[in-house]
Each structure stands twice: as structure tokens, then as C-alpha cells.
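One structure is given here, and the rest of the page talks about it.
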Amino acid sequence: MSLLRLAARFVSIVALLIPACDVAAATPDAKVMAASEVLKDMLVTPARGIPHAILEDAEGVVIIPEVIKIGFIVGVQRGYGVVLMREDNRAWSLPKFVTITAGSVGWQLGAESSDFVIVFKTRKSVQGLMQGKFTIGADANAAIGPVGRQIGAATDAKLGAEIYTYARSRGLFAGVSLAGSSLDIDRLAEAQYYGSQPGLPITHVPDSARQLVSELAQYTGGEVAGAPVQGPAPPVPLVADEQLERQRIKILENARALGPVINDAWRRYLALPTEFSTPGRKPTPQSLRFVLDRFNAIAGDPRYRALSDRKEFGATRDALARYHEMITVAKPASLDLPPPPP
């Protein structure tokens with residue numbers, strides 16, 4: 001049998017295996033915990049891991065544990081992981097879910113598993129990913145990521161890529177080219193993990209998500225004596241509960257006025273966090289930011305001018321923005337100092 005026929009037969013087998021791998025993929029919770037383990041390995045091997053200078057100013061980080069590659073002349077890679085993004089206050093968002101798919105042509109035989117880490121250095125590239133489908137190297141400039149603690153911020157600036165790509169095999173990180181790989185947002189996995197319908201605000205945050213966000217915040221907060229320092233502090237209340245309650249009522253009144261001028265699909269899309277329906281309860285900054293981002297996206301899109309020009313829409317958006325300001329503020333970062341003098 002010729003090599004071309006063998007390759008064609010292999011492709012047909014892979015086409016059957018990929019859906020089977022999809023079904024057998026680990027649960028979203030298991031993927032988040034696996035991503036935490038990959039991240040921890042960055043902490044314990046700083047001399048051979050991803051440099052702090054690459055991560056400190058990152059706008060997004062994709063962690064994909066156990067990417068499976070099967071190859072015989074034609075190779076196929078498939079994996080599932082998470083993406084975390086910087087918020088406006090530089091805190092890290094809750095993880096969302098992604099898949100990665102890639103193909104290659106050339107002499108190769110066998111199967112292997114690697115962990116991938118993809119660092120997004122610009123807000124534009126992260127926003128491109130969040131649109132749903134993203135091709136590394138085509139939708140943003142990508143480079144093989146450097147490793148080790150020796151790289152500094154100046155070197156990073158000279159490299160100038162929007163995305164740096166890494167793979168870990170046998171415990172060691174190394175820069176790897178993932179050009180042509182496709183990243184897709186997995187909204188069904190997100191809904192399964194957080195227990196909410198796709199597109200609706202998150203009302204329950206699993207412990208594994210909190211742990212992953214905390215670890216990433218620590219690692220990207222800087223280094224003191226070879227150990228990670230505390231990352232961005234959580235938001236703290238700014239105003240009294242009575243003021244928040246008055247603002248909550250104002251938001252509900254504006255949203256009720258907006259409801260009759262939009263259809264059911266739009267009402268679901270612009271739905272408020274569920275906490276707003278209960279007096280005394282406060283939405284999380286993440287769920288509030290999720291809804292506010294949707295209002296802001298509509299306001300900035302000329303296709304929806306008929307909606308964004310409505311006073312009911314503007315009043316609801318402004319009230320949400322004010323509420324967000326009232327419940328969140330970032331504490332100033334502590335100074336990185338040596339121990340006080342004797």
C-alpha cells in the first residue's frame with residue numbers, strides 16, 4: 001500500500017477518533033484543576049519556565065493541559081483548556097473554556113501529549129479570541145516564547161509579538177510554534193461549569209476557578225526572594241448598603257422601562273444579574289461587569305444605534321456603570337521592599 005493511501009486511511013481513522021476524544025474529554029472542573037497544576041509547575045521551575053517579564057504585562061493567558069497529537073504523515077492535535085483575561089482594574093477574570101485544533105503535514109508517526117500555554121500581550125488579540133474563533137499567527141502576530149528567568153522587560157519589548165506560545169513536555173517548558181492552530185471558545189463547557197445558561201451572568205463560582213485565579217494573580221504580581229507575591233487585591237465596598245440599595249432600585253426601574261421596547265431575545269441578552277431581583281443581595285463584580293460589557297458593546301456598535309439612542313437604554317447603562325463604581329475599587333499595590341533595617 002502506498003504512503004498516500006496509508007495517509008488517507010490514517011486521516012479517516014483520526015476523523016473517527018477526534019469525536020470520540022471529544023466525548024471522553026475531562027469535565028470542565030477537571031480541566032480547570034489540571035490548568036492549576038500546569039501553572040504550579042511554572043512556579044517551581046522559574047529558571048526553566050515562562051519568564052515573569054512575559055507574564056507580568058499579559059492581557060490574557062490560555063492554559064491547555066494534555067493536548068493530544070496523533071500523527072502519520074498527517075498530524076492532528078486536539079485539546080481543551082481555559083483562558084483568563086485582565087479586567088479593567090488589572091485583576092484576572094474567571095476562567096472561560098477553549099479548544100485548540102491544529103493539523104500538520106510531513107513525516108511523523110505515533111501519538112504524544114503536551115501542555116500548551118499561550119500568552120496574549122495585547123487587549124486587541126484577547127478581544128479577537130473572545131469573538132469565538134481565533135487562528136494563531138493569522139489573527140495576531142505570534143512568536144515562539146522565550147524561557148528562563150534571564151529575559152527582562154527590555155528584551156520582551158524587542159521581541160514585539162502579540163502572542164507567545166509554549167509547550168511543556170517531560171516537565172520542561174519550551175517555546176513552540178503553534179502558527180495555524182485554531183482556538184475556539186467553548187460556551188457549552190462554560191455553562192456546564194458555572195451552572196448557567198450560555199450568555200447569562202454567572203451566579204456560582206466553583207472553588208477550582210477561585211484557586212486558579214488566585215494562583216495566576218500571585219504569579220503575575222512580581223517576585224520577592226524567588227517567591228510569588230500577592231496579586232491584585234479583591235475589590236472592596238465603597239459605599240453604605242443603603243446607597244447600594246437605592247442604586248439597585250434605580251437600575252431595576254430603568255430596566256423595566258427598557259423591557260417593552262425590545263424583544264425576548266434582547267431581554268435575555270441584556271438580562272441583569274439575578275441578585276438584583278432580591279433586596280439586600282449584591283451581584284459579584286464579575287457578573288456585573290459581564291452585563292455592563294454587553295451594554296457597552298451595543299453602545300459602541302453603529303448597527304444598534306436605534307437601541308443605544310433610546311433613553312431607556314442609556315439610563316440603564318449609566319445606572320449599571322455607577323453601581324459598578326460604587327461596589328469596586330482596587331487597593332494600591334504594596335511596595336516591593338527588602339526587610340526593614342535592624
Review point. Does any residue of region 80-96 turn out to be of a type in the set (S, T, N, Q), under 30 Å from Pro285 (Cα atoms) and at pLDDT below 80?
Key: yes
Review point. If we scan region 303-310, do we find a residue that is crowded, with 16+ Cβ neighbours inside 10 Å and touching a Gly at 6+ places or on another chain (Cβ under 9 Å)?
Key: yes
Practice item. Identify, by number, the condition in (1) surrounded by fewer than 13 Cβ atoms within 10 Å (Cβ to Cβ); (2) at pLDDT below 65; (3) among the aliphatic types (A, V, I, L, M) that Val229 doesn't meet. Key: (1)
Revision key, fill the gap. With criteria (1) at pLDDT below 85; (2) of a type in the set (A, V, I, L, M, F, W, C); (3) loosely packed, with under 13 Cβ neighbours inside 10 Å, Val176 comes up short on (3)
Check your understanding: How about region 112-140: which of its residues are at pLDDT below 80 and surrounded by 13 or more Cβ atoms within 10 Å (Cβ to Cβ)?
Key -> Glu112
**Study point:** Single condition Met33 does not satisfy, out of (1) surrounded by 15 or more Cβ atoms within 10 Å (Cβ to Cβ); (2) at pLDDT below 50; (3) part of a helix (DSSP H, G or I)
**Key:** (2)
Practice item. Can you tell me which residue within region 257-280, out of those that are free of Cβ contacts under 8 Å to residues at least 40 places away in the same chain and over 27 Å from the mean Cα position of the chain (by Cα), is surrounded by the most Cβ atoms within 10 Å (Cβ to Cβ)? Key: Gly259
Study note, to complete from the structure: Phe290 meets each of (1) touching a helix residue (DSSP H, G or I) at 6+ places or on another chain (Cβ under 9 Å); (2) surrounded by 14 or more Cβ atoms within 10 Å (Cβ to Cβ) with one exception, condition (1)
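The values are calculated or read from the model by the stated rules, or taken from the named source; none is laboratory data. Because the structure is a prediction, the values reported are computed rather than measured. All Cβ positions, glycine included, derive from the backbone under ideal geometry; neighbour counts span all protein chains shown.
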